[in-house]
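Trainee: The structure follows.
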Amino acid sequence: MQCSKCGNPKVIYKREQSGQLLCKDCFIESIEKKVIKTVKKENLLDKGDKVLVALSGGKDSVTTLEILNTFRERNIIDICAVTVDEGIANYRQEGVDIAVRHAERLGIEHNVVSLKEEYGISLDEIMQRDNHKGSCTYCGVFRRTIINKAAREMHATKIATGHNLDDEVQAIMMNYLEGNMNNLGKLGAKTESQAEEFTVKIKPLREIPEREIGLYVVAKDLEVHFDSCPYAMQSFRGEVSEVINQLTQKHPTIKYSTLRGYDKMKPVMEKEFKKDYAHGRCERCGEPASNQLCKACSFLEELGV
Ligand code: SF4
Ligand SMILES: [Zn+2]
Ligand SMILES: [Zn+2]
């Protein structure tokens, strides 16, 4: 066995979908090149952008930061980061500490914002009061609101998230299975909202499978928080992920074909469903909203906060 690219006998990875064998250096290079290719193909960055990385300290966000930093080193963009502390006992703090260390190592502007400080309630406390919506619904809405606000406060022109191929395919399938066509139309490598207050979101890792990101951080010896969230398995996303991974064992290219199919459908869906974007303002907090209250504030009202 030898590396398909350079002939090095120390192979660390076999790419199932292509049969390619890779040594450590060629593997690292292949990931970085693929991310750069996505950035160029999807037009994710413009010279002079200030990109806010949503940095949880997990493998995906640390990889996003690491690869985007190569653009910063070449003076193409500036980078800042925000870490959301949802308030999940025995889980989140380690990720926050790791995020702080990466931001210090690279010398970038970094804020940590906690749900408790921002809204007066932590995710654990929310789950003690009401869990009929599921933790990830609350978590996603509050986190999104905090990141959008941080982007405005830090004058960022783009928000980069660590969504990988698995995340994106799960989101496509989940929205499809739930018949949620409005949300389905909003996925993709670059998400622009009609509301001016929302910063453009980009997903540079969208074409990298989750396991390759796991191997990338190990190969590059990057410090990351590997534990999974204690709430993760309760989610519909967890169930969908299991089914997709089972199918992938027999059909190794299925994640890519789902993604490519989605990208072909997206322009049609955007036309059909774009009316649902937020166009008003929340009466309680002033954030963009499609109803009287934004999603975060309507959850807070329901929870009596
Ligand atoms: S798994 Fe759900 S609850 Fe846990 S951090 Fe992710 S979105 Fe939040
Ligand atoms: Zn090699
Ligand atoms: Zn609000």
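The values are calculated or read from the model by the stated rules, or taken from the named source; none is laboratory data. Everything numeric in this text was worked out from a predicted model, so none of it was measured. Glycine gets a Cβ as well: all are built from the backbone with ideal geometry, and neighbour counts include every protein chain shown.
Trainee: Out of Val268, Val218, Val224, report the one residue that is among the aliphatic types (A, V, I, L, M), over 21 Å from the mean Cα position of the chain (by Cα) and either at pLDDT 95 or above or more than 12 Å from Asp166 (Cα to Cα) (or both).
Mentor: Working: Val218 fails: over 21 Å from the mean Cα position of the chain (by Cα); Val224 fails: over 21 Å from the mean Cα position of the chain (by Cα).
Among Val268, Val218, Val224, only Val268 is among the aliphatic types (A, V, I, L, M), over 21 Å from the mean Cα position of the chain (by Cα) and either at pLDDT 95 or above or more than 12 Å from Asp166 (Cα to Cα) (or both).
Trainee: Which one is farthest from ligand 1 (Cβ to nearest atom) among residues in the stretch 117-162 that are in a loop (DSSP other than H, G, I, E, B) and small (Gly, Ala, Ser)?
Mentor: Looking only at the stretch 117-162, we keep the residues that are in a loop (DSSP other than H, G, I, E, B), and these are 120-122, 130-134, 154-157, 161-162.
Of the ones still in play, those that are also small (Gly, Ala, Ser) are 120, 122, 134, 156, 162.
Numbers: Gly120: 18, Ser122: 11, Gly134: 8, Ala156: 22, Gly162: 12 Å.
The residue in question is Ala156.
Trainee: May I pose another question? What single numbered condition from (1) away from ligand 3 (no atom under 16 Å from the Cβ); (2) surrounded by 15 or more Cβ atoms within 10 Å (Cβ to Cβ); (3) within 28 Å of Arg92 (Cβ to Cβ) fails to hold for Glu223?
Mentor: It is condition (2) that Glu223 fails.
Trainee: Shifting gears a bit: Go through Met233, Met181 for me and flag whichever is farther than 30 Å from Glu270 by Cβ, surrounded by fewer than 15 Cβ atoms within 10 Å (Cβ to Cβ) and over 15 Å from the mean Cα position of the chain (by Cα). Walk me through how you get there before you give the answer.
Mentor: Details: Met181 fails: farther than 30 Å from Glu270 by Cβ.
Going through Met233, Met181 in turn, the sole match is Met233.
Rundown of residues vs (1) touching a strand residue (DSSP E or B) at 6+ places or on another chain (Cβ under 8 Å); (2) outside any loop (DSSP other than H, G, I, E, B); (3) touching a residue at least 12 places away in the same chain (Cβ under 8 Å), yes/no style:
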site: Gly57; (1), (2), (3): yes, no, yes
site: Val62; (1), (2), (3): no, yes, yes
site: Ile67; (1), (2), (3): no, yes, yes
site: Asn75; (1), (2), (3): no, no, no
site: Ala81; (1), (2), (3): yes, yes, yes
site: Ala89; (1), (2), (3): no, no, yes
site: Gly95; (1), (2), (3): yes, yes, yes
site: Ala99; (1), (2), (3): yes, yes, yes
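Trainee: Got a number for residues in the stretch 31-48 being part of a loop (DSSP other than H, G, I, E, B) and under 19 Å from the mean Cα position of the chain (by Cα)?
Mentor: Result for the stretch 31-48: 4.
Trainee: Taking Lys24 as the residue in question, decide whether it is in contact (Cβ under 8 Å) with a residue 40 or more places away in the chain and out of contact with any Asp or Glu (no Cβ under 8 Å at 6 or more places or on another chain).
Mentor: Working: in contact (Cβ under 8 Å) with a residue 40 or more places away in the chain: yes; out of contact with any Asp or Glu (no Cβ under 8 Å at 6 or more places or on another chain): yes.
Against the criterion (in contact (Cβ under 8 Å) with a residue 40 or more places away in the chain and out of contact with any Asp or Glu (no Cβ under 8 Å at 6 or more places or on another chain)), Lys24 qualifies.
Trainee: For the stretch 69-93, name all the residues that are over 18 Å from Phe142 (Cβ atoms) and either touching a Ser or Thr at 6+ places or on another chain (Cβ under 8 Å) or loosely packed, with under 14 Cβ neighbours inside 10 Å (or both).
Mentor: Matches in the stretch 69-93: Thr70, Glu73, Arg74, Asn75, Asn90.
Trainee: To continue, here is another question. Within 24 Å of Phe71 (Cα to Cα), at pLDDT 95 or above, surrounded by 21 or more Cβ atoms within 10 Å (Cβ to Cβ) and of a type in the set (A, V, I, L, M, F, W, C): is that true of Ile172 in this structure?
Mentor: Numbers: within 24 Å of Phe71 (Cα to Cα): no; at pLDDT 95 or above: yes; surrounded by 21 or more Cβ atoms within 10 Å (Cβ to Cβ): yes; of a type in the set (A, V, I, L, M, F, W, C): yes.
It is false that Ile172 is within 24 Å of Phe71 (Cα to Cα), at pLDDT 95 or above, surrounded by 21 or more Cβ atoms within 10 Å (Cβ to Cβ) and of a type in the set (A, V, I, L, M, F, W, C).
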